[in-house]
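The values are calculated or read from the model by the stated rules, or taken from the named source; none is laboratory data. Given the structure is predicted, the values throughout are model-derived calculations rather than measurements. Quick reminder, even Gly has a Cβ in these numbers, built from the backbone with ideal geometry, and neighbours come from all protein chains shown.
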Amino acid sequence: MTTNPLAAALFEWQSVTPPDAGFAPDLDARLDKLITDNRAWGLHGVVVTRMGKLVLERYFAGEDEVWGAPRGRVAFGPDTLHDLRSVTKSILGLLYGIALDLGKVPAPDQKLMAQFPDYADAATDPRLQRLTIAHALTMTLGFDWNEDIPYQDPNNSEIQLERAPDRLGYIFGRPFISDPGTRWIYGAAGTELIGHLLVKGVGQSLPDFARANLFEPLGIGPTEWTKGFNGQPAPASGLRMTPRDLARIGQLILNRGQWDGRQIVSADWLTKSFQPYVPCDEQRRYGYFWYSGDLQYGHPPNRPITHWIGGFGYGGQRLFVMPDLGVVVAITCGNYADEKQWMPPIRVIRDVVLAGLR
């Protein structure tokens, strides 16, 4: 959780007015109206940057939790850490790319089971031998895995993984419901495997490797990494960070992996990470733990389309990066277990950020 105060000072956000950043002057009022009209609820933090400068930063008070443990009502501010939930997966993808460049982890085209020789006897289904690391990174392993039901339900696959005495054995013991590489099935199986390979390869914990190789170079302040039932930092959903610092991750993507003249993540890895390897649904595609898609903005009839790259987390946690617009949006919410939790973040994007462009 330590950070270099000099690095943080060097990379502090500079503010700019919405008109100077190419937005309507009433960006704040647009967000307030969205909340007043009850079209966005449970917001805890909204940070919008453009061309590397802070355009909008708002915080709210609301009920919160840490990995399911209630915190009560929290008055959020710039320095308040927040669960990122599955945005953690996207940051894990960046960390794997950094470790790959260091020669510490196997490449995506390498066979997955070869990395887990202790489980060779479990590989009775021939499809296990076809699995590659890329299948873990793209959530196309093909295993029967269900995280569509509430996380409070003991039948949720991630909860079963957490409670399994042998987590890797639980994953490799899952039956196949599709051939590897053919279908996107959301879940923590891939991140558990990638997290295991990363920790083993670098010889450090996830928090220590992330701090030294990603967070410290970006001037990211204190972070926390919630531990799973096995006592280890959860690679799928454990990271806690401020929205401001989450926006730094987005700015790193806009910078093609560079920060202050240093290549933090290789541009080649980012290109591979954001490739649309498999569709998630009609709107979203999936890369190496990163989503992508397209959104229209502006006024009819000639409405341009912007491409976005994103990290999505349970409860409404979001990181949106729009490279052609130079825009980063980091959103934290407390809409855990809300079946409409996806609505507030996308409405902030559409009705405030994109609608406010000039």
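Before moving on, here are some points about what is shown:
- If you go through region 137-160 and keep only what is farther than 22 Å from residue 67 by Cα and free of Cβ contacts under 8 Å to residues at least 60 places away in the same chain, you end up with 141, 142, 143, 144.
- Residue in region 259-268 that is over 17 Å from the mean Cα position of the chain (by Cα), surrounded by fewer than 20 Cβ atoms within 10 Å (Cβ to Cβ) and of a type in the set (Lys, Arg) present: yes
- Restricting the first member to region 63-78 and to residues that are under 23 Å from residue 247 (Cβ atoms) and free of Cβ contacts under 8 Å to residues at least 24 places away in the same chain, and the second to residues that are of a type in the set (D, E, K, R) and surrounded by 11 or more Cβ atoms within 10 Å (Cβ to Cβ), the beta-carbon pairs closer than 7 Å and six or more apart or on different chains are 71/64; 71/65.
- Among the conditions (1) in a helix (DSSP H, G or I); (2) charged (D, E, K, R); (3) in contact (Cβ under 8 Å) with a residue 24 or more places away in the chain, residue 240 misses just one, which is (1).
- Matching helices (runs of 4 or more DSSP H) fully within region 117-210 where at least 1 residues are within 26 Å of residue 264 (Cα to Cα): 133-137, 189-202, 206-210
- Within region 243-276, the set of residues being among the polar types (S, T, N, Q) and either more than 22 Å from residue 108 (Cα to Cα) or touching a residue at least 12 places away in the same chain (Cβ under 8 Å) (or both) comprises 251, 255, 258, 266, 273, 275.
- Flag not set for residue 194, criterion: surrounded by fewer than 18 Cβ atoms within 10 Å (Cβ to Cβ), β-branched (Val, Ile, Thr) and under 22 Å from residue 162 (Cα atoms).
- Per-region count, region 159-183, residues among the aromatic types (Phe, Trp, Tyr) and surrounded by fewer than 17 Cβ atoms within 10 Å (Cβ to Cβ): 1
- Among the residues of region 239-256, at least one is farther than 20 Å from residue 327 by Cα and either at pLDDT 95 or above or in the same structural domain as residue 328 (by TED's automatic domain parsing) (or both).
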